[in-house]
1. For the range 155-187: of the residues being at pLDDT 90 or above and in a loop (DSSP other than H, G, I, E, B), which is surrounded by the fewest Cβ atoms within 10 Å (Cβ to Cβ)?
2. Filter the range 114-139 down to the residues that are of a type in the set (Asp, Glu) and open to solvent by 30 Å² or more (accessible area, probe 1.4 Å), then identify the one that is nearest to Lys156 (Cα to Cα).
3. Could you tell me how many of the residues in the range 1-38 are of a type in the set (S, T, N, Q) and either under 25 Å from Gly72 (Cα atoms) or in a helix (DSSP H, G or I) (or both)?
4. For the subset of the range 54-96 comprising residues that are aliphatic (A, V, I, L, M) and in a strand (DSSP E or B), which member is surrounded by the most Cβ atoms within 10 Å (Cβ to Cβ)?
5. Return yes when Leu146 is of a type in the set (A, V, I, L, M), in contact with a Pro (Cβ under 7 Å, 6 or more places away or on another chain) and at pLDDT 95 or above and no when it is not.
6. With modelled with pLDDT of 95 or more and over 23 Å from Ala26 (Cα atoms) as the only criterion, which of Glu131, Glu116, Glu106, Glu46 stands out?
7. If a residue has to be in a strand (DSSP E or B) and of a type in the set (D, E, K, R) to count, how many in the range 39-53 make the cut?
Amino acid sequence: MEIEKKYRLSPEHWERVNADLKEIGAEYIAEDFEENILFHNDFLQENGALLRLRKTGRGNLLTFKQFVSSAGGVKQHVEHESEVEKPDEIERIVERLGFEKKMVYEKRRLIWKFKEVEIVLDELPFGLFMEIEGAMMAIAEAEMYLGAEEFEIEEKTYPYLTKEHGEKIGGRIESRFGNKADMTWNN
């Protein structure tokens, strides 16, 4: 079960959180770039689920995620995922099984560990975000340390935001950085 809360951040809040994480003793894990490919079929749509292939510099994951609930900005999903060695081959297999590639979005991510939660700072072509993942009480504790009560809670998923802000290319929607070197932040 995945439990997480997401916030939309201004550039000033993003910088403040990044500095605060260092001050409160959070452990910096890594910076990564992701390409997320979402596949679609009738089963996934009927069951509020998604199938995602995530290609990153740290490894590749195939993930099945099914919505369970959302309350107060806290989202819960059933999640099954596995590392994949050859993501391009998995992509071909999934498409041969009848899944259609419907969406692609890119993301830059800073990953932190604080007490019992994972905190990520994400940059997508359409904005800056923070996600806190862990048990509900641990999320609340991290929020307190980071002063997150002043941040805008983002109820929408990255796929939903990609649908709103992405570009239709052929039969899919894409949200990509124009030039990866143009991204503005570093840890």
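The values are calculated or read from the model by the stated rules, or taken from the named source; none is laboratory data. Since the model is a prediction, treat every value here as computed from it, not as a measurement. As a convention, Cβ positions derive from the backbone with ideal geometry for all residues, glycine included, and neighbour counts pool all protein chains shown. Accessible surface is based on the protein model in full, side chains and every heavy atom, while ligands, DNA and RNA are left aside. Shrake-Rupley method; radii C 1.70, N 1.55, O 1.52, S 1.80 Å.
1. So, considering only residues that are at pLDDT 90 or above and in a loop (DSSP other than H, G, I, E, B), the one surrounded by the fewest Cβ atoms within 10 Å (Cβ to Cβ) is Gly170.
2. First pass over the range 114-139, keeping only residues of a type in the set (Asp, Glu): 116, 118, 122-123, 131, 133.
Subsequent filtering for residues that are open to solvent by 30 Å² or more (accessible area, probe 1.4 Å) retains 116, 118, 133.
Values: Glu116: 24, Glu118: 19, Glu133: 16 Å.
Ranking the qualifying residues of the range 114-139, first place goes to Glu133.
3. Initially, the range 1-38 is screened for residues of a type in the set (S, T, N, Q), giving 10, 18, 36.
Retained after the next criterion (residues that are either under 25 Å from Gly72 (Cα atoms) or in a helix (DSSP H, G or I) (or both)): 10, 18.
Number satisfying all stated conditions: 2.
4. Quick first cut of the range 54-96, residues aliphatic (A, V, I, L, M) only: 61-62, 68, 71, 74, 78, 84, 90, 93-94.
Right, trim to in a strand (DSSP E or B) and you get 61-62, 68, 71, 74, 78.
On the way: Leu61: 18, Leu62: 20, Val68: 14, Ala71: 8, Val74: 16, Val78: 12.
Applying the filter and picking the extreme gives Leu62.
5. Numbers: of a type in the set (A, V, I, L, M): yes; in contact with a Pro (Cβ under 7 Å, 6 or more places away or on another chain): no; at pLDDT 95 or above: yes.
Here the answer is no, as Leu146 does not meet what is asked.
6. Numbers: Glu131 fails: over 23 Å from Ala26 (Cα atoms); Glu116 fails: over 23 Å from Ala26 (Cα atoms); Glu46 fails: modelled with pLDDT of 95 or more.
Step by step, each of Glu131, Glu116, Glu106, Glu46 is checked, and only Glu106 is modelled with pLDDT of 95 or more and over 23 Å from Ala26 (Cα atoms).
7. Within the range 39-53, residues that are in a strand (DSSP E or B) and of a type in the set (D, E, K, R) number 1.
One line per residue, one yes/no per condition, for (1) touching a Leu at 6+ places or on another chain (Cβ under 7 Å); (2) of a type in the set (Val, Ile, Thr); (3) open to solvent by 30 Å² or more (accessible area, probe 1.4 Å):
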residue: Tyr7; (1), (2), (3): no, no, no
residue: Trp14; (1), (2), (3): yes, no, no
residue: Phe39; (1), (2), (3): yes, no, no
residue: Gln45; (1), (2), (3): no, no, yes
residue: Gly48; (1), (2), (3): no, no, yes
